[in-house]
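As structure tokens, the structure follows; a few thoughts come after it.
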Amino acid sequence: MRKFIIIVLVLLFEQCLAQNVRLSGDKSDIYDTEDDNRSFINCFNCTFENDKLENQNLIAAILLNNHKHLYTNEIYYWLFKLIKTKEIIFFYVIDKLESRVNISSDVLILDNYISQEGIYKDVKISPLREIIKSKLSKDCFVIDSKVLDIENPIDDYIPFLQFYNPDVKITPIIINRISFDKMEKISEKFSKIISEYIKFNKLTLGKDIFILVSNCVGHNREEFGSCSYELDLNSYQADVEDNDRMINNYLTEALTKSKIRPFTINELLNSDTVLSKWREKYPLIFGLITLINLQNYLRIKNTEGILIKCTNSVTSEVLPCENSYSKTTSSAKHFMRFFTLVFYLE
């Protein structure tokens, strides 16, 4: 116990010497002032209702999304009202990262910033990140703060998280292109560290700490090389049906290891299947494996998945917000899929 306390104190001191605040990028759809941000978020208060979630012990959520807030108004804005935990472990990806910077694959990417710029105040980084750095094998991660300055989904989520949960702390982790076997090995070690942190600090998954997974939106667009369908309304319908099939077969109801491997190997990472399926899908896979491992380490009840909403840029209504940075597209020749899926304890 004393040894663990000393490690935490040393890591906190090292964190004080780390880089300072990470500034939000200029591509976010969120406004700069508190009043503007409040007005923008109020645009999302549409008619979606799901009262039964208020009484569920939510422990994690997966968002298939990107910067298109004006399309995703009914998908995830309400989720942030339900996240009341002290901390959030945030798995995410930077689109086409390896083509934009020289970065190692097959590893997690961590940074050295001590906080993230917010609308109301800076969002603190949890001490958990430094514990991960100290305990996780060095061949499982790299530290590179510069990649966060390219494009970062955190910029899009922080205003929502902070609006409803002002004192939340985050542990941001980039899940780069990693093979499934390597993911399993990393997640096993990673999950053990998380479970020890939860137990030592007497936290409860869902009540005190939450797992949020942000996965790149699914595109069907010629210039992305992501079209295995003819680009017309028939292809759009086929893609919607395929999307629904994967969610229903693999991600809803009981979350089990027997589902995740075939889902990953046969669907997401199989080059013979639809190329447009959920681009840069690595945070989703790593998040699912980690949830299963945490079930075992924390000896918690079985985890159930519920699809809350799934839509796309063709049928989704666009919010009537002015002066937003969001771009819109509504053609069958370039359509995108969005969904929100939550996990809770039985």
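What Kirkwood Rh does the range 129-198 have if only Cα atoms enter the pairwise 1/r average? Answer in Å.
Values: mean 1/r = 0.0709 Å⁻¹.
Hydrodynamic radius (Kirkwood, Cα pairs) of the range 129-198 is 14.1 Å.
The packing ranking, built from the mean of other Cβ atoms within 10 Å per residue, places the peptides 119-129, 246-256 in the order 119-129, 246-256, highest first.
Subtracting the Cα-Cα distance of K121 and N266 from their residue separation scaled by 0.36 nm leaves 47.8 nm.
Sort the following peptides by mean Cβ neighbour count (other Cβ atoms within 10 Å, averaged over residues), highest first: 299-306, 187-194. Kindly include the intermediate steps, with their values, before the conclusion.
Working: 299-306: 15.5, 187-194: 19.6.
Result, highest mean Cβ count within 10 Å first: 187-194, 299-306.
Simple spin-label estimate for K199 and S258 gives 2.8 nm between the two label positions (7 Å along the Cα-to-Cβ direction from each Cα). A simple spin-label model places pseudo-atoms 7 Å from Cα toward Cβ; at Q237 and R299 they are separated by 5.3 nm. Contact order for the range 116-183, expressed relative to its length and based on alpha carbon pairs under 8 Å spaced 6+ residues apart, stands at 53 percent.
Report the gain in length on full extension from D181 to C310: 0.36 nm times residue separation, minus Cα-Cα distance, nm rounded to one decimal. Write out the running numbers ahead of the final one.
Details: separation 129, 0.36 × 129 = 46.44 nm, distance 2.93 nm.
Stretched fully, the D181-C310 segment lengthens by 43.5 nm.
Quick note: the coordinates plus some simple rules give every number you see, no bench work behind them. The shown structure was predicted, so the numbers you read here are calculated from the model rather than taken from an experiment. Counting neighbours? That spans all protein chains shown, and the Cβs are built from the backbone with ideal geometry, glycine included.
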